[in-house]
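Q: This structure is in structure tokens; I'll ask about it shortly.
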Amino acid sequence: MLNIVLFGPPGAGKGTQAIKLKEEYNLVHLSTGDLLREEIKQETNLGLEAQAYMTKGELVPDEVVIGMIASKLEQNKTVNGFIFDGFPRTTEQAEALDNLLSSHNSSITKMLSLEVDDEELVARIVQRGKDSGREDDKNESVIFNRIITYNKKTSPLKAYYDHQAKYHIVDGIGSMDEVFERLKDKIQN
Ligand code: ADP
């Protein structure tokens, strides 16, 4: 199996690139952000709980997102692999993912970290807020809180994957196609 963690701060372009990688390598795309937004749209209990965190730019509790990923792995047992987008975001999530994959006799192949500076991130998110209408993309203090949360809770996962020799840096500045080529290059080499 080819299991890729697509990593990076909010606005780094994970979602866009995940869709292209999914097509290229025939993978199942698992975006916890998309899954949570779908729960909110369906007005489920899980969605209601998650919304309170998301509108503030805080992380949804680990057990909620880990549970969602666990059930997706159960539903997709005979696939080429997965692209994890926006997950894991904490050490607890990363450990849970390793354990879940190992119980399916699998593991993470590589973690690809899209690097984009903070100034560019904010500009991209503000632009996306205009196009997508996402509430958490429209409020500047929420955007900053997401970046702070990333730096504090998510960024330490670079060391986590580095210890497993799976951490690869990819320059996230450039055209969509340029970044895509860089990602493919890291996957293939
Ligand atoms: P972005 O990468 O721009 O932050 P996402 O769609 O990945 O967009 O995430 C949107 C929000 O959903 C996050 O700010 C957070 O509140 C919640 N969320 C998504 N994935 C996770 C996760 N793995 N753990 C906790 N919260 C998450």
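The values are calculated or read from the model by the stated rules, or taken from the named source; none is laboratory data. Since the model is a prediction, treat every value here as computed from it, not as a measurement. All Cβ positions, even for glycine, are placed from backbone atoms using ideal geometry, and neighbour counts span all protein chains on display.
Q: Can we say residue 89 is among the charged types (D, E, K, R), more than 20 Å from residue 160 (Cα to Cα) and surrounded by 14 or more Cβ atoms within 10 Å (Cβ to Cβ)?
A: Values: among the charged types (D, E, K, R): yes; more than 20 Å from residue 160 (Cα to Cα): no; surrounded by 14 or more Cβ atoms within 10 Å (Cβ to Cβ): yes.
Here the answer is no, as residue 89 does not meet what is asked.
Q: Assess whether residue 101 counts as being closer than 15 Å to residue 6 by Cα, modelled with pLDDT of 95 or more and of a type in the set (A, V, I, L, M).
A: no
Q: Please list, ordered by first then second residue, the pairs with beta carbon atoms under 6 Å, 6 or more apart or interchain, first in region 12-36 and within 27 Å of residue 55 (Cα to Cα) and among the β-branched types (Val, Ile, Thr), second within 12 Å of the ligand (Cβ to nearest atom) and at pLDDT 95 or above.
A: What qualifies is 32/65; 32/86; 32/87.
Q: Given 46, 27, 59, 21, which one is crowded, with 16+ Cβ neighbours inside 10 Å and closer than 18 Å to residue 154 by Cα?
A: 59
Q: Sort out which residues of region 53-91 are assigned to a helix (DSSP H, G or I), near the ligand (Cβ under 10 Å from one of its atoms) and over 20 Å from residue 18 (Cα atoms), and write them in order of number. Write out each step before concluding.
A: So in region 53-91, the residues assigned to a helix (DSSP H, G or I) come out as 53-54, 62-75, 91.
After this cut, where a residue has to be near the ligand (Cβ under 10 Å from one of its atoms) as well, the list is 53-54, 62, 64-66, 68-69.
Passing the criteria: 53, 54, 62, 64.
Q: Can you spot a residue in region 31-42 that is surrounded by fewer than 17 Cβ atoms within 10 Å (Cβ to Cβ), more than 13 Å from the ligand (Cβ to nearest atom), not hydroxyl-bearing (Ser, Thr, Tyr) and not in a loop (DSSP other than H, G, I, E, B)?
A: yes
Q: What are the residue pairs meeting all of these: first residue in region 45-74, first residue under 18 Å from residue 148 (Cα atoms), second residue within 8 Å of the ligand (Cβ to nearest atom) and at pLDDT below 95, Cβ atoms under 8 Å, and 6 or more apart or on different chains?
A: 54/136; 55/136; 57/136
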